Amino acid sequence: MTEEEKTLHGTRDRVLAFCRQAGLLAPGQQVAAAVSGGADSMALLRLLLDLAGPLGIRVSACHVNHRLRGAAADADEAFVRAQCAGLGVPLRVFRAGEEGLPSAAGGEAEARALRYACFARLHREGIDRVATAHTVSDQAETLLFRLARGTGLHGAGGIRPARDFYVRPLLCLTRLQVESYCRACRQTWVTDETNLEDGYARNRLRHDALPALRQANAAAEENLARFCEKAARADAYFARAARELLDRAAAAWPGAWDLGPLRQADPLILEAAAHALVAPHRDPEALYIRLVCEAVARGAGAVQLRPDVRLRAGQGCLWLEEGPPAGPLQPATFCPEKQSRYPLGGGKTLSAQLVRETFQEKTQVVHKKDLKNVADYARITMLHPALTLRSRQPGDTYRPAGRGVTKSLRKWMNEQAIPPWMRDSLPLLADGSQVVWVCGAGFAEGLAPDGAAGLALRLEIQPERENREDVES
């Protein structure tokens, strides 16, 4: 066997083993390779085509022309078109500013946003997985860059082999190994001239830091990547512990947590919980994680995540504020037999489901904390035939389940330390002044199903548009 054949077979076997071990691809899936024309992406396409049979997948390609480099970008597109035509691979080309896509004129950040908007569109159109050509070298660069900028355990985990519908089959190969594979299979590639410039921090790491590390140890990139794998496993462990912590600390209303359990938590688990709270709203840099943990320790303060989003500590709890305080709900007649979704404002809706089966059958798959939002619908209609979905009003009363006492809603909210800014917008169901359900606290005393067959009512707060697949179209 020649050296070229050894390279081809060895690389193929390594990528196949990695895909199987990481569970990246499944038989029957349609996989689109993101192909820029560079060595990494051309190797990705060739390897996926070679492994399509063993993996049982169907392979296509996509190319994004950011239109930032003029004629050079168009030449890269023409190269990819010619290569895919020669290989008989279906190709989808996206061009910035066309087909409703944004431009990438703002530089690398907008170019990345454009790529992922294109990939999301492919997924909406039926592609099961989008494969990107990140390598071990990219992993090492990412780790060094994040460590230099400041990162925690999550960032040290680097690029994950799979995320959502994205997969990275080449995270088992270095860039040098990828180029050796391309040469062995006589695959040409193009070079983005901006990758040769030292104007970008990542390029300086690629041109200076990694070669210096390879001189110290030829396996430096692989060792850095192995560290990322260990950090990712540790991060997953702490992420599970953080979810359990936030569940324990959950207050009586959505988007708030009692400070007591947070303060008693192991500092590393608290940091992971802070990461989970920050990540949906901004890049969870170490600075923001530290600020959230300090606010928890002080029991006071606010961390601005975006102009309209902040995490605030006070009154014994930590809560998320999004935008200006919401106003009272417009009262609406509640009739789940005729209407199953009720808009709440702030991008939320109330989902009301009627289930024709026994309580036990229905709740077998319901998380324990959600049982407070399940009620016997026959009992509700008998006791409270005219329910209104609204915000609080003067004179409201509430009988919390398991407490055996009726309280004024105002007094109950004080006892629960519900922030004043949230009280007027907290959704509730009421029969006159008698409140039978409060968002976050659940149904009032005496309305839980008793196990008999019949209609069970289940309430759930959901995003206003659960299927958000058309957001970027």
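Quickly run through the stretch 199-223 and pick out the residues that are outside any loop (DSSP other than H, G, I, E, B), small (Gly, Ala, Ser) and without any contact (Cβ under 8 Å) to a residue 12 or more places away in the chain.
ALA212, ALA216
Would you confirm, using the coordinates I've provided, whether ASP128 is closer than 30 Å to GLY157 by Cβ, in the same structural domain as THR188 (by TED's automatic domain parsing) and touching a residue at least 40 places away in the same chain (Cβ under 8 Å)?
Yes; evaluated as a whole, the condition is true for this residue.
Among the listed residues GLU464, GLU460, GLU469, which satisfies the condition of being at pLDDT 85 or above, within 27 Å of the chain's Cα centre (by Cα) and not aromatic (Phe, Trp, Tyr)?
Answer to the selection: GLU460.
Checking GLN353 against (1) closer than 16 Å to GLY440 by Cα; (2) outside the structural domain of LEU262 (by TED's automatic domain parsing); (3) at pLDDT 75 or above; (4) not small (Gly, Ala, Ser), which test does it fail?
In the conditions (1) closer than 16 Å to GLY440 by Cα; (2) outside the structural domain of LEU262 (by TED's automatic domain parsing); (3) at pLDDT 75 or above; (4) not small (Gly, Ala, Ser), GLN353 misses (1) alone.
Would you check if ALA52 is over 22 Å from GLY126 (Cβ atoms), more than 25 Å from the chain's Cα centre (by Cα) and not acidic (Asp, Glu)?
no
Failed condition for ARG183, given (1) at pLDDT 95 or above; (2) over 25 Å from GLY152 (Cα atoms); (3) crowded, with 19+ Cβ neighbours inside 10 Å, with all others met?
(3)
Got a sec? Which of ALA104, ALA113, ALA131 is within 22 Å of the chain's Cα centre (by Cα) and crowded, with 16+ Cβ neighbours inside 10 Å?
Residue meeting the stated conditions: ALA131.
I need the full set of residues from the stretch 363-386 which are surrounded by 12 or more Cβ atoms within 10 Å (Cβ to Cβ) and either at pLDDT 95 or above or of a type outside the set (A, V, I, L, M, F, W, C) (or both), in order please.
If the condition is that a residue be surrounded by 12 or more Cβ atoms within 10 Å (Cβ to Cβ) and either at pLDDT 95 or above or of a type outside the set (A, V, I, L, M, F, W, C) (or both), then THR363, ASP370, LYS372, ASN373, ASP376, TYR377, ARG379, THR381, HIS384 are the ones that fit.
Could you grab me the full set of residues in the stretch 1-54 that are in a helix (DSSP H, G or I), surrounded by fewer than 17 Cβ atoms within 10 Å (Cβ to Cβ) and polar (S, T, N, Q)?
Matches in the stretch 1-54: GLN21 only.
For the stretch 144-152, indicate whether the set of residues that are closer than 28 Å to ALA272 by Cβ, buried (at least 20 other Cβ atoms within 10 Å of the Cβ) and in the same structural domain as ALA22 (by TED's automatic domain parsing) is non-empty.
Yes, there is a match, as at least one residue in the stretch 144-152 is closer than 28 Å to ALA272 by Cβ, buried (at least 20 other Cβ atoms within 10 Å of the Cβ) and in the same structural domain as ALA22 (by TED's automatic domain parsing).
Which residue pairs have Cβ atoms closer than 6 Å, lie 6 or more positions apart in sequence or on different chains, and pair a first residue in the stretch 69-90 that is farther than 25 Å from ILE57 by Cβ and assigned by TED's automatic domain parsing to the domain that holds ALA32 with a second residue that is hydrophobic (A, V, I, L, M, F, W, C) and surrounded by 15 or more Cβ atoms within 10 Å (Cβ to Cβ)?
Short answer, once both residue conditions are applied: ASP76/VAL190.
The values are calculated or read from the model by the stated rules, or taken from the named source; none is laboratory data. Because the structure is a prediction, the values reported are computed rather than measured. We place every Cβ from the backbone using ideal geometry, glycine too, and count neighbours over all the protein chains shown.
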